[in-house]
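> The structure that follows is given in the form of structure tokens.
The values are calculated or read from the model by the stated rules, or taken from the named source; none is laboratory data. Since the model is a prediction, treat every value here as computed from it, not as a measurement. Counting neighbours? That spans all protein chains shown, and the Cβs are built from the backbone with ideal geometry, glycine included. The protein model used for the area step is the full one, side chains on, heavy atoms only, and it has no ligands, DNA or RNA in it. Shrake-Rupley method; radii C 1.70, N 1.55, O 1.52, S 1.80 Å.
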Amino acid sequence: TIVRTLLREGAVDFEGRYVQARDCELLPRPTRPNGPPILIGSSGPRMLRITMAHADAWNVWYTDFGNTPAGLAPFLERVDEACREVGRDPAAVERTAAVHVRLPGGQGRVMGDAKGAEIAALTGEPAALADALRAYAAVGLAEVQLVVDPITLASIEALAPVLADLDRG
């Protein structure tokens, strides 16, 4: 409540059960109307219940859902359930995910939790990668963040045909 109010309104005077913020003002104020969107990166039921009343978007890391669109189903349901529990329309929260993509020269870049070494990365020609990324949209994701292996300029450039394919629809 404190953070959301500061970001959206610029000031808050709040007294809660555990915390308080008296005559608190955020300077400089965000330039975006209503402040920046609040993204939550948690999948535990308790944290989802606490945050879904305030979040604009939700994100999950590829190791948690197995880096597959099908693996997202239980997580998406948890977000829906948490929204309903706090009286919020689940459609009001954007869904996003970090997706691991391996390009030529990748050697198994692991980010975050070390169990990521066990998770198969998306690979293939640009058209196949574009199709694989479309599958995430088909299960309801608004966007993905690519965890690219290797993280080089050449890899970023190699993604250009994938993005062009996605732009074509």
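> Return the FRET efficiency for the residue pair E157, A135: r is the Cβ-Cβ distance, R0 is 25 Å, and the value is rounded to the nearest 0.05.
0.55
> Here's a follow-up. Write down the percent of antiparallel bridges among all DSSP beta bridges whose residues are both part of the chain, to the nearest 5.
The answer is about 20 percent antiparallel.
> Same structure, new question: Quick one: 3J(HN,Hα) in Hz for the stretch 75-85, Karplus 6.51/-1.76/1.60 with θ = phi - 60°, rounded, Gly and Pro as x.
My calculation for the stretch 75-85 gives 6, 5, 5, 4, 5, 4, 4, 5, 4, 4, 4 Hz in order.
> Where in the stretch 121-154 does the amide nitrogen come within less than 13 Å of the point 7 Å from the Cα of R168, taken along Cα to Cβ?
Output list for this probe position: 126-131.
> Given a cut-off of under 8 Å on Cα pairs at least six residues apart, what relative contact order in percent is computed for the chain?
Dividing the mean separation by the residue count of the chain yields 18 percent.
> Points 7 angstrom from Cα along the Cβ direction at T31 and E77: gap in nanometres?
4.4
> Would you pull out the residues with amide H under 5 Å of V99's amide H, same chain only if 5 or more places away, H placed 1.01 Å from N?
Close amide H contacts, sequence-distant or interchain: Q145, L146, V147.
> Here's something else I'd like to know. Quantify, in whole percent, the carbon and sulfur part of the accessible surface of the stretch 6-52 (1.4 Å probe; protein heavy atoms only).
Taking all protein chains in place, the stretch 6-52 shows 53 percent carbon and sulfur surface.
> Can you compute the helix-only [θ] at 222 nm over the chain? Use -39500 (n - 2.57) per DSSP H run of at least 4 residues, normalise by all residues, nearest 500 deg cm²/dmol.
Estimated from H runs of four or more residues: -9500 deg cm²/dmol.
> Please determine, in degrees from 0 to 90 and to the nearest 10, the orientation of helix 126-138 with respect to the longest principal axis defined by the Cα atoms of the chain, where the helix direction is its Cα long axis.
30
> Provide the gained length on full extension for the span R84 to L39, in nm with one decimal, where the gain is 0.36 nm per separating residue minus the Cα-Cα distance.
Answer, rounded to one decimal: 14.4 nm.
> Which ³J(HN,Hα) values, rounded to whole Hz and listed in residue order, are derived for the stretch 141-155 from phi using the Karplus coefficients 6.51, -1.76 and 1.60 in 6.51 cos²θ - 1.76 cosθ + 1.60 with θ = phi - 60°, glycine and proline given as x?
7, 7, 7, 10, 10, 8, 9, 8, 10, x, 8, 10, 4, 4, 5
> Same structure, new question: Within the stretch 78-169, what whole-number % of the accessible surface is contributed by carbon and sulfur, with the 1.4 Å probe and all protein chains included in the calculation?
Taking all protein chains in place, the stretch 78-169 shows 55 percent carbon and sulfur surface.
> Right, here's the next one. For the stretch 70-169, what is the per residue volume of the convex hull drawn over the alpha-carbon atoms, in cubic angstrom?
Hull volume normalised by residue count: 114 Å³.
> Something else about it: Under the √(5λ) rule applied to the eigenvalues of the Cα gyration tensor, what semi-axes describe the equivalent ellipsoid of the stretch 1-76? Give them in Å, descending.
Over the Cα atoms of the stretch 1-76, the semi-axes work out to 30, 15, 8 Å.
> Sticking with this structure for a sec: Express the accessible area of the chain per residue in Å², computed with a 1.4 Å probe while the remaining protein chains stay in the model.
57
> Also, I was wondering about something else. Based on the alpha-carbon set only, what is the convex hull volume of the chain divided per residue, in Å³?
152
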